Each structure stands twice: as C-alpha cells, then as structure tokens.
Amino acid sequence: MGLFLGFHMLYFNYYDLHSKYEALEPFRSRYVSAEDEKVLAELGDRFSLHFKEMNREAVVTKEQIQAMRNLYKAKMAGIDENVGKVISSLKENKMLENTVLFITSDHGDTLGDHAYPSFHHQFSIYNALTRIPLIIYSPLLKTHARRVAVPFIQNIDIFPTILDLCAINKSAHLQASAAVSLAEYLFTDSVKKPRDYALSMYEAPKKFVNWNKKYVNPAYIRKLLAIQDERYKLIFSDDDKCELYDLIVDPREQVSLAAAFPEICLRLKNKFQEVIGNFGGTTDDYAPGNFSPAEEERIKERLKSLGYIE
C-alpha cells in the first residue's frame with residue numbers, strides 16, 4: 001500500500017488485486033470453495049499463465065476462471081474492510097466532517113470476459129477494464145447516499161472535482177483542459193453530459209514485454225485507442241485492426257461489427273482524432289516518451305513506492 005502525505009492530502013494505493021493476489025481469512029473461505037482451492041493449487045503461477053496463454057502455450061479453463069473470479073471477490077472484500085477501517089478512523093478522530101473522500105480504481109480486470117486474454121488487465125481495452133467505480137463523499141453533501149448516472153465520466157475529471165469540493169481555484173491550464181468537474185452532478189439534478197464521447201488509451205509496456213517476450217504473442221505488442229458514444233464503441237490499434245461493438249445489444253463486447261459497418265468505424269475514428277486535436281494533440285502523442293537516465297531513476301523510485309516494481 002502506497003501512502004503520500006502533503007498539503008493535508010492522503011493517497012492510499014491498494015495493490016492487492018493483481019494476478020498474484022492471495023485472499024486471506026475470513027474472506028477466502030467465504031468466497032472460495034474447496035473445489036476452487038483445488039483448481040488454484042493445480043494452477044500454480046497465475047502470472048506466468050497469463051503470458052503463456054497470450055502465446056498460445058496454455059489454455060485457461062472455465063474452472064480456472066471461476067476459481068480466480070471467486071478469489072478476486074474474496075480479495076475485494078478484504079480491501080472493502082480496509083477502506084472501512086480508514087473511514088472509521090476518520091470518524092473516531094473527528095476528521096470525517098472536514099474530509100473529502102474519493103474511492104476509485106485505475107482499471108478493472110478481465111476474468112473470463114474474453115477469450116484472450118482470459119484474465120489480467122494488459123493487452124486489451126475492453127469495458128471490463130475501463131469501467132471503474134467512483135465513490136465520492138463530501139461533508140457538504142446533505143442528502144443520503146445516491147447513485148448518480150452521468151455518462152462519459154473519465155479519470156481526468158477527478159482532479160478538478162477535488163479542487164471544487166475543496167474550494168480551491170483551478171489554474172488556467174486546467175480550465176482549458178478536457179477535464180470536467182463533477183461537482184454540479186453531486187449537488188444538482190443536472191442532466192447535462194460532461195462530454196459526448198469517452199476516450200481510452202492503452203500502450204503495451206514494451207520494456208516489460210521484451211523482458212517476457214518468450215511468453216507474449218507479438219500481435220499483442222501494440223497501442224490501443226478507443227472511443228465510445230451512447231451506442232457504439234470502437235477499438236483501433238496501430239496495426240490497423242478495428243473492433244466495433246454495439247453496447248446496447250452487446251454490453252460485454254463479444255461480437256465485433258467492424259466488418260459489417262466500416263462507415264461507423266471511420267466516423268468514430270475521425271471523431272477520436274477531432275477530440276484529441278481540439279486540445280492540441282494527435283494519436284502519436286500517446287506513446288512512451290524518451291527519458292534521460294536520471295528521469296528513469298526517478299520514475300522507478302516512484303513506482304517502487306507504489307509497489308509496482310521491486
């Protein structure tokens with residue numbers, strides 16, 4: 001768990017829900033059956049299995065996916081309890097009344113939603129990964145907890161929302177960005193959409209992939225870009241492949257319509273370029289930068305502090 005302290009702000013990073021996650025009691029026995037335990041024991045190293053599957057050296061079974069789904073639930077329950085302890089501590093110390101809380105995630109996991117990869121969160125950009133929770137608490141909210149359905153919220157919207165809830169003026173740079181504060185949706189019944197499209201981007205971690213290249217099918221070493229409107233989602237890559245899904249009839253993104261509707265693919269691809277261009281960018285901007293050795297060392301230290309590397 002990473003912890004940063006500064007300017008009266010705490011950032012907790014729970015790293016538990018990854019391919020090597022191990023759930024503890026009392027949650028493990030609550031969600032993981034004896035049959036699941038047998039499957040997991042036979043499965044062995046789930047991290048290596050992920051890459052072997054990508055390279056078609058292994059086949060992940062339905063029983064393995066079910067066992068990992070249940071293990072995931074058990075680990076998630078443990079994280080829920082830990083978040084509850086943080087909130088309880090804030091209450092006990094009379095701090096919750098002047099604290100703003102954001103509970104969210106950087107991504108989800110594929111757990112049998114698609115054939116390849118069957119699990120993990122790399123090499124794809126499906127909604128199983130990009131649709132994440134966002135729970136906001138502010139002492140300014142006088143109503144009971146409620147669910148607010150606002151389409152096309154993105155991670156970039158969190159920062160300006162924090163500033164608004166803390167009454168901190170936004171810089172001119174932030175005001176001109178694509179980020180939108182969600183504060184008005186918390187205090188009003190606004191039906192205005194923050195934007196008409198949602199964008200997602202994924203860049204394969206090339207250094208990491210090269211280190212594990214004996215496990216990774218080269219077809220997965222690519223950049224993925226996605227855009228979705230109220231009905232369709234287009235995924236396109238730098239190897240000129242496209243996937244198109246009708247999210248109304250196919251919310252789990254199982255049947256690509258790209259071959260049948262090339263005109264929709266072209267429209268959405270052009271819209272992606274237009275949206276990026278409105279903020280002075282191009283799709284080529286979403287590629288890894290070249291860092292100096294000193295910059296790489298600083299980045300590595302930050303990743304270590306978050307638990308992403310050792």
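The values are calculated or read from the model by the stated rules, or taken from the named source; none is laboratory data. What you see is a predicted model, and the numbers here were worked out from it, not measured in a lab. A quick note on method: Cβ atoms are made from the backbone with ideal geometry, for glycine too, and the neighbour counts reach across all protein chains shown. Quick note on the areas: whole protein, heavy atoms, side chains included, nothing else; ligands and nucleic acids left out. Shrake-Rupley method; radii C 1.70, N 1.55, O 1.52, S 1.80 Å.
Centre-to-centre, using Cα atoms only, the stretch 229-246 and the stretch 143-173 are separated by 28 Å. Stretching the chain fully between Ser177 and Gln273 yields a gain of 33.0 nm (0.36 nm per residue, less the alpha carbon separation). Each other residue within a Cβ distance under 13 Å of Tyr126 adds +1 if Lys or Arg and -1 if Asp or Glu, for a net charge of -2.
Accessible surface calculations at 1.4 Å, restricted to protein heavy atoms, place the stretch 12-51 at 56 Å² per residue. Here the accessible area of the stretch 29-158 is 52 percent carbon and sulfur, with a 1.4 angstrom probe and all protein chains present. First measure r as the distance between the Cβ atoms of Glu42 and Thr104, then evaluate 1/(1 + (r/R0)^6) with R0 = 41 Å and state the FRET efficiency to the nearest 0.05. For R0 = 41 Å, the calculated efficiency reads 0.75. Length gained on full extension, Glu297 to Phe187: 35.3 nm, using 0.36 nm per residue less the C-alpha separation. At an R0 of 22 angstrom, the distance between the Cβ atoms of Asp196 and Ala260 translates into a FRET efficiency of 0.40. Between Gln154 and Lys73, the FRET efficiency estimated from the beta carbon spacing at R0 = 22 angstrom works out to 0.25.
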